[in-house]
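Student: Handing you this structure, nothing more for now.
All of the numbers you see were taken from the coordinates with simple rules; none came from a lab. Since this is a predicted model, take the numbers as computed values, not measurements. Note: ideal-geometry Cβ built from the backbone for every residue, glycine included; neighbour counts use all protein chains shown.
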């Protein structure tokens, strides 16, 4: 495969979502992940280039390079929730969002696909819930409510305050190694990297990058290892990609927060809901899955996502040939970088000579772990992304970005 990471990155498209667009983030540049069940039914049997030699027949490790766009719509204000008896009414505020992810894996011959297929679509809401002092007493929280076409809906809450720190975010490692479900059950997973250390892991051969005859897609990772898109280090810790994306950037400060479908002790709410195909009679908790037992296929039971919102300074070059209506971007800091777009409007002074100006923008990064329970094992489905603001195609919303940095407190 002659294609490089740099060749792929510019071709990840922006996905058009027909909602009221007021702010877009994307497209992320090439991020892998995924553990999923493996069907042996002749109707849908998975074809591998090489006959698998590993012993496990229940699972498939699928690694995807992806491009992602998130669109945020108009602010929802004063969403009323009525209180009971002595509890006062409360108002929620929030933003509708639409997340779209495409598969950016190259074709077998190494070329870039003309129309990368959609592999994830998620409409949802980000809501802010105020502190409740009476019934039930709860801290203020973030809430992400999302609907996923595979048959899962999520309600993930974050009761802790966002933690702000100077400089680049300190991103902990994550792990895709499956976890055994004990007979006594597993405590709710709020922070995967901590919970995983308390449980017995079960590593599979398809997690070894140099093995090309396992139940994994793609089987042969040598071309990806050569160009750095998928490596053993990334398989062991997908958050490596997020750290790579921050290299060379002037990150002034960042805010980190976590949402989870499992409420912490003393709090309530949150959770997932799945269609019958996913959950089955055993919720995926029992080994020896079978038709007779009416076992589930992939029960999405735990969802935890960690976000880092960073303020970044960068430089863009203006030149006399530029005109109002054009867009300009800072130079990419590397193939993992998500580059923002800035709109030149009437308030931007076009120079009579080439001029470098400082701009500021907000970057969103996240690491999400969905635990899929099937055949008595918890299978981590990890997704990571780095997103930067892009211009709304219907209406420019990042106008006067160069002017903004003068008044910015960062």
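Student: Please report the equivalent ellipsoid semi-axes of region 136-175, computed as sqrt(5 x eigenvalue) of the Cα gyration tensor, largest first, in whole Å.
Tutor: The three semi-axes for region 136-175 are 25, 20, 9 Å.
Student: Please give the length that would be gained between residue 45 and residue 253 if that part of the chain were fully extended, namely 0.36 nm times their separation in residues minus their C-alpha to C-alpha distance (nm, one decimal).
Tutor: Additional length available on full extension: 70.0 nm.
Student: In which sequence would 317, 133 go, from the one with the fewest C-beta neighbours within 10 Å to the one with the most?
Tutor: Sorted ascending by nearby Cβ count, the order is 133, 317.
Student: Let me ask something else about it. Measuring from label point to label point, each 7 Å out along Cα→Cβ, what is the residue 38 to residue 352 span in nm?
Tutor: 7.0
Student: How big is the gap, in Å, between the Cα center of region 260-287 and the Cα center of region 83-153?
Tutor: 17
Student: Please report 176, 275, 350 as a ranked list, fewest other C-beta atoms within 10 angstrom at the top and most at the bottom. If you can, show how the numbers build up before the last one.
Tutor: Values: 176 23, 275 11, 350 14.
Lowest count first: 275, 350, 176.
Student: Further question: Hey, what's the Cα Rg ratio for region 86-159 versus the globular rule of thumb, 2.2 N^0.38 Å?
Tutor: For region 86-159, the normalised Cα radius of gyration is 1.69.
Student: If you take the beta carbon distance between residue 281 and residue 133 as r and set R0 to 45 Å, what does 1/(1 + (r/R0)^6) give as a FRET efficiency, to the nearest 0.05?
Tutor: FRET efficiency, residue 281 to residue 133: 0.60.
Student: What translational diffusion coefficient, to the nearest whole µm²/s, does region 240-375 have by Stokes-Einstein, given a Kirkwood radius computed over alpha-carbon pairs, a temperature of 10 °C and 1.306 mPa s viscosity?
Tutor: Using the Kirkwood radius from Cα pairs, D works out to 83 µm²/s.
Student: Another question, if that's okay. Can you sort 268, 85, 142 by how many other beta carbons sit within 10 Å, fewest first?
Tutor: Ranking 268, 85, 142 by Cβ neighbours within 10 Å, fewest first, gives 85, 268, 142.
Student: With r as the distance between the Cβ atoms of residue 324 and residue 163 and R0 = 35 Å, compute the FRET efficiency 1/(1 + (r/R0)^6) and round to 0.05.
Tutor: Rounded to the nearest 0.05, the efficiency is 0.30.
Student: What length, rounded to one decimal in nm, is gained on full extension from residue 92 through to residue 118, with 0.36 nm per residue of separation minus their alpha-carbon distance?
Tutor: 6.2 nm
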